[in-house]
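Scroll down for the structure; my scribbles are underneath it.
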Amino acid sequence: MNIYLHELKMNMRSVITWSVSVTALTFIFLGLFSSIASDLEAFYSILDNYPPELLAAFGWDKMDASNPLGFFAFTLLFVQICISIQASNYGFSLVSVEERELTADFLLAKPVSRVTILTAKLLAALTSLAITNAVVWVSSYFAVQMFTEEPYDTHAFVLALLTVTFLQLFFLAVGMVISLLMRRVRSVIPLTMGMVFGMFLIASFGGSLGGDVFDYLTPFKHFEATAIIHDSSYDMSKVMVSVVVIVVSLMSSYVLYKRRNIPTV
């Protein structure tokens, strides 16, 4: 319990920062909806100037700017990137922070098993992400209610917001297992930014490189907000890929941590 509370306390500053950021992002973007919806012809004429491949890369080919949810999907894309960075950062630093600061021997000297330590750290990270997740849901609901007066598909709205949870779990689990596969993590930021934006670039331009096969390599395609809101459903074959990666990464992390040679002072 002490480990869990300590880790949770250490995460609170980043939780507040990311929660405020995604809230501001949501309200700013949805605040533009009324002005764009009032002059859709001009908005679509601007989009027509871009290549179809670029529109498809960012999901704009399926975006209905006349519908509040259609514009919300565009907003959610940037929220997804933010929460993915947060989750990835937690994943990479979950175990590596003690190794990097050479304080792991103090932690491992406690009368608790490595499984207990990793579980407490993981639960603290999940709690932190859950708080940010709740802020995303609340801010998104109030922003849509505030800036739109038209009815919208509640089912599609909920499905779109659930993508936040899946992306958080994916990047947390994958970040954690990668950090345990590495001999030493010297800095979390390059790994976090590289993984998140690497996945995002694959999602954006993978189709132009080699067809649908790239769609299975990145969770941003598994949980593409514009496609989910357009179809009001998930592509379950892609969702299952993410679920398998999450489960395998979490299980592998426990095995690797139990066998890991922890550097000490």
* Structure fact -> Label model pair residue 216, residue 261: point-to-point distance (7 angstrom along the Cα→beta-carbon line) in nm is 3.7
* How far, in nm, would the chain grow between residue 49 and residue 252 when pulled straight, counting 0.36 nm per residue and subtracting the alpha carbon separation? -> 68.4 nm
* FRET efficiency for residue 165 and residue 186, using Cβ-Cβ distance with R0 set to 22 Å, rounded to 0.05 -> 0.15
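Could you give the length gained by full extension between residue 201 and residue 12, i.e. 0.36 nm per residue of separation minus their alpha carbon distance, to one decimal place? Can you show the working numbers first?
Details: separation 189, 0.36 × 189 = 68.04 nm, distance 2.98 nm.
That works out to 65.1 nm of additional length.
What shape does segment 128-216 have by the C-alpha gyration tensor, where a ≥ b ≥ c are the square roots of the eigenvalues, rounded means a/c under 1.5, and otherwise prolate means a/b greater than b/c and oblate the rest?
Details: a/c = 2.81, a/b = 1.54, b/c = 1.83.
Since a/c reaches 1.5 but b/c is at least a/b, the shape of segment 128-216 is classed as oblate.
Using per-residue counts of other Cβ atoms within 10 Å, averaged over each peptide, order 115-125, 164-174, 251-261 from highest down.
Working: 115-125: 18.5, 164-174: 23.8, 251-261: 14.4.
Packing order, densest peptide first, comes out as 164-174, 115-125, 251-261.
Every read-out reported here was derived from the displayed coordinates using simple, explicitly stated rules and does not represent laboratory data. All values derive from a computational prediction rather than experimental measurement. A quick note on method: Cβ atoms are made from the backbone with ideal geometry, for glycine too, and the neighbour counts reach across all protein chains shown.
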